[in-house]
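*Asks:* Starting off with a structure, shown below.
The values are calculated or read from the model by the stated rules, or taken from the named source; none is laboratory data. Nothing here was measured: the structure is a model prediction, and the numbers come from that model. Using ideal geometry, Cβ is built from the backbone for each residue, glycine included, and neighbour counts are taken over all protein chains shown. In case anyone asks, the SASA skips ligands and DNA or RNA and just uses the protein heavy atoms, side chains included. Shrake-Rupley method; radii C 1.70, N 1.55, O 1.52, S 1.80 Å.
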Number of protein chains: 2
Amino acid sequence: MKVKVIVTLKNGVLDPQGKAIQQTLNGMSFSEVKEVRQGKYFDIEVSTTDEKKARTKVEEMCKKLLANLVIEDYKIL
Amino acid sequence: MKVKVIVTLKNGVLDPQGKAIQQTLNGMSFSEVKEVRQGKYFDIEVSTTDEKKARTKVEEMCKKLLANLVIEDYKIL
């Protein structure tokens, strides 16, 4: 089964990449854009068919590799 | 209001970054991981409060800047 994960910067952590996108959008006449924060998305195919087990495994992967918990949060969709 | 967007590579487009993550996970004793595909996530704050308008604007942003439609798909959450 597939498990989807979003990793985002914690609130308060500077996001220069998001800022650059926001400024570019503003310059492209999208003046209504107030803030952009960029994150990462992972689509993980695991061989387990048990949803609960799969989510537990993916949570472990997030903690160990996919997210830097000092500055990032993860969310399993 | 906030609009969330996920940009992913189209099926069939090679994803070496995802492959590297998969191999690393396999090497970390997560042998159940069959495939990883990485994408981008955007959290966009727009000044519009009308949801439909906001989504239409964000869709335009995806087409013009956030996604490369030749190799990527976008999904507005």
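*Asks:* Cα gyration tensor of the protein assembly as shown, axes a ≥ b ≥ c as square roots of the eigenvalues: rounded (a/c below 1.5), prolate (a/b > b/c) or oblate?
*Replies:* prolate
*Asks:* Still on this structure: Which angle from 0 to 90°, rounded to the nearest 10, does the C-alpha axis of helix B:16-27 make with the longest principal axis of chain B?
*Replies:* Helix B:16-27 sits roughly 50 degrees off the main axis of chain B.
*Asks:* How far is residue A:29 from the same spot in each other copy, in nm, shortest first, if each label point sits 7 Å from Cα toward Cβ?
*Replies:* Those label-point separations list as 5.8 nm.
*Asks:* Right, something else. About the Cα centre of the protein assembly as shown, what is the dipole size in debye to 20, counting +1 per Lys and Arg Cβ and -1 per Asp and Glu Cβ, all else neutral?
*Replies:* Result for the protein assembly as shown is approximately 60 debye, rounded to the nearest 20.
*Asks:* Shifting gears a bit: Taking the convex hull of the Cα atoms, report for chain B its projected area averaged over all directions, in nm².
*Replies:* With the hull built on Cα positions only, its mean projection is 6.1 nm².
*Asks:* Right, next: Counting only helical runs of four or more DSSP H residues, what would the 222 nm mean residue ellipticity of chain A come to if each run contributes -39,500 (n - 2.57) and the total is spread over all its residues?
*Replies:* Result for chain A: -9000 deg cm²/dmol, rounded to the nearest 500.
*Asks:* Here's a follow-up. Taking the highest mean first, how do the peptides A:34-45, B:54-65 order by number of other beta carbon atoms within 10 angstrom per residue?
*Replies:* The densest-packed peptide leads the list: A:34-45, B:54-65.
*Asks:* Same structure again: Averaged per residue, what accessible area in Å² does region A:2-76 show with a 1.4 Å probe, protein chains only?
*Replies:* Roughly 56 Å² per residue, with all protein chains present.
*Asks:* Follow-up. Placing a label point 7 Å from Cα toward Cβ, how far apart in nm is residue A:11 from its equivalents in the other copies, listed shortest first to one decimal?
*Replies:* For residue A:11, the other copies' label points sit at 3.9 nm, shortest first.
*Asks:* Using a 1.4 Å probe and counting only protein heavy atoms, arrange B:33, A:13 so the residue with the most accessible area comes first.
*Replies:* My answer, sorted largest first, is A:13, B:33.
*Asks:* How large, in percent, is the carbon and sulfur part of the accessible surface of chain A at a probe radius of 1.4 Å?
*Replies:* Accessible surface attributable to carbon and sulfur in chain A totals 52 percent.
*Asks:* How much accessible area is lost when chains B and A come together, counting both sides, with a 1.4 Å probe, in Å² rounded to the nearest 100?
*Replies:* Answer for the B-A pair: about 2800 Å² buried.
*Asks:* Next question. Going by the rotation axis that takes chain A to chain B, pick out the residue of A with the closest C-beta and quote the gap in whole Å.
*Replies:* Checking which Cβ lies nearest the axis yields A:41, 2.
*Asks:* Find every distance from the label point of residue A:60 to the corresponding label point in the other copies (7 Å from Cα along Cα→Cβ) and write them in nm, one decimal, shortest first.
*Replies:* Inter-copy label distances (nm, one decimal, shortest first): 4.8.
*Asks:* For residue B:2, list the aspartates and glutamates whose Cα falls under 16 Å from its own Cα; do not include residues on the same chain fewer than 8 positions away.
*Replies:* Hits, sequence-local ones excluded: A:32, A:35, B:43, B:45, B:50, B:51, B:59, B:60.
*Asks:* Which whole-number percent is the relative contact order of chain A (Cα, under 8 Å, 6+ apart)?
*Replies:* 51 percent
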